[in-house]
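Undergrad: I have a structure I would like to understand better, so I am pasting it below and will then ask my questions one at a time.
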Amino acid sequence: MPTIVVYEVYKRLKKEKGEQAALEAYAQITRSKLVPLDDALALTAADTSLKMGLGMADAIVFTTAKTFSADLVTSDPDFKGLDGVRLIE
């Protein structure tokens, strides 16, 4: 899981549900393998963003999943129809 997910989940949950909920979600996230954003991944994500019209964070998440041959499970409709994505509606 890319570390940018930590940022996105923590920020959203803290705003909507409070710090305790955000910290609990963070604790769950850290049970997964966290992948830092390095130069190679950043460049590939930038190319993905340009090619697919994804925003920065979405391109990083999508590219990280592809790089590690992982399925991307999300409720974010921005990923709808993309290969390797399982959308939870």
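Laboratory data are not the source of any read-out in this text; all were calculated from the coordinates shown. All values derive from a computational prediction rather than experimental measurement. Counting neighbours? That spans all protein chains shown, and the Cβs are built from the backbone with ideal geometry, glycine included.
Undergrad: Count charges around residue 70 for me, please; just the other residues with Cβ under 14 Å from its Cβ, Lys/Arg as +1, Asp/Glu as -1.
TA: Net of charged neighbours comes to +1.
Undergrad: With Cβ to Cβ distances under 11 Å as the rule, what net charge do the other residues near residue 59 carry (K, R +1; D, E -1)?
TA: Within the 11 Å Cβ shell, the charges total -1.
Undergrad: Once semi-axes √(5λ) of the Cα gyration tensor in Å is worked out from the coordinates, which option in [x] 20, 13, 12; [y] 23, 15, 12; [z] 31, 17, 9 does it equal?
TA: Looking at semi-axes √(5λ) of the Cα gyration tensor in Å for this model, the match is [y].
Undergrad: What does the highest-first list of 4-10, 56-62 look like by mean Cβ count within 10 Å?
TA: Working: 4-10: 15.7, 56-62: 20.9.
In decreasing order of mean packing, 4-10, 56-62 become 56-62, 4-10.
Undergrad: Fewest to most neighbouring Cβ within 10 Å: what's the order for 52, 1?
TA: Fewest to most other Cβ atoms nearby, the residues stand as 52, 1.
Undergrad: Divide by every residue of the chain the summed helix terms, -39500 (n - 2.57) for each DSSP H run of at least 4, and state the resulting mean residue ellipticity at 222 nm, rounded to the nearest 500 deg cm²/dmol. Mind showing how you got there, number by number?
TA: On the way: 4 runs with 52 residues, N = 89.
Only helices count here, giving -18500 deg cm²/dmol.
Undergrad: May I pose another question? I need to check one value: relative contact order of the chain, counting alpha carbon pairs closer than 8 Å and at least 6 residues apart, in percent.
TA: Contact order relative to length: 24 percent.
Undergrad: Expected output is a single nm value to one decimal: the length gained when fully extending between residue 67 and residue 8, i.e. 0.36 nm times separation in residues minus the C-alpha distance. What is it?
TA: 19.2 nm
Undergrad: Report the full-extension gain for the segment residue 20 to residue 38: residue separation times 0.36 nm, less the Cα-Cα distance, to one decimal in nm.
TA: 3.5 nm
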